[in-house]
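Report on the structure given below.
The values are calculated or read from the model by the stated rules, or taken from the named source; none is laboratory data. Here the structure is a predicted model, which is why all the values come from computation and not from measurement. Because the Cβ atoms are built from the backbone with ideal geometry, glycine has one as well, and the counts that use them run over all protein chains shown. SASA here: full protein model, heavy atoms, side chains in, ligands and nucleic acids out. Shrake-Rupley method; radii C 1.70, N 1.55, O 1.52, S 1.80 Å.
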Amino acid sequence: MRWTNTSIFTIATLVVGLSVLSPVAAQDAPHKEVAKPAGKSAPLMTMSPSPGVVVNVLKVDPLKAIQSKQPRTATMVEVVLDPLAGSPPHRHPGPVCGYVLEGTFEFQIEGKEKQVLHEGDTFFEPEMILHLVGRNPNQEGKTRVLATIIHPSDAKQLVIPEPQK
């Protein structure tokens, strides 16, 4: 893997995120994309549930050190995709750094070619870019992705579905 500034930023973000992870009992509800950690208030991961996709919110931390016009929050999620499952096109209200924990992940954002990522690979999505493809291309085995979204603290939703044409 060629190390770029984006790769280094992504790894650093994930290491910081992993170092503050606490055992949070996220709701385990198969085929639901909405989950909140116990005792925490988090923006909803709102989007019509996709069969075979589960999103667990692991950690929600206000970011006081980031220089921004508005308060920002880091929300860490684990996305588990069943074989051949994926999400419809959507956007996020802030940049996303992701890390493939297990399996294979097909990934494409607006203006870029589709990539096939494997365990240990990272990805980055700029704020509000269209996330075109996010799916498990395998017929067997789950895919697990860890992602951190840096978003406005007052965001009402972290997944904004792209209107169907």
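Taking residues in the stretch 79-100 that are touching a residue at least 12 places away in the same chain (Cβ under 8 Å), and partners anywhere that are in a loop (DSSP other than H, G, I, E, B) and of a type in the set (Val, Ile, Thr), the pairs with Cβ atoms closer than 6 Å and at least 6 places apart or on different chains are His90/Val159. Of all residues in the stretch 78-89, those satisfying the criterion of being open to solvent by 10 Å² or more (accessible area, probe 1.4 Å) and not small (Gly, Ala, Ser) are Glu78, Val79, Val80, Asp82, Pro83, Leu84, Pro88, Pro89. Looking for something open to solvent by less than 30 Å² (accessible area, probe 1.4 Å), farther than 22 Å from Val57 by Cβ and either part of a strand (DSSP E or B) or hydroxyl-bearing (Ser, Thr, Tyr) (or both) - is there at least one such residue anywhere in the stretch 90-102? No - not one qualifying residue is present in the stretch 90-102.
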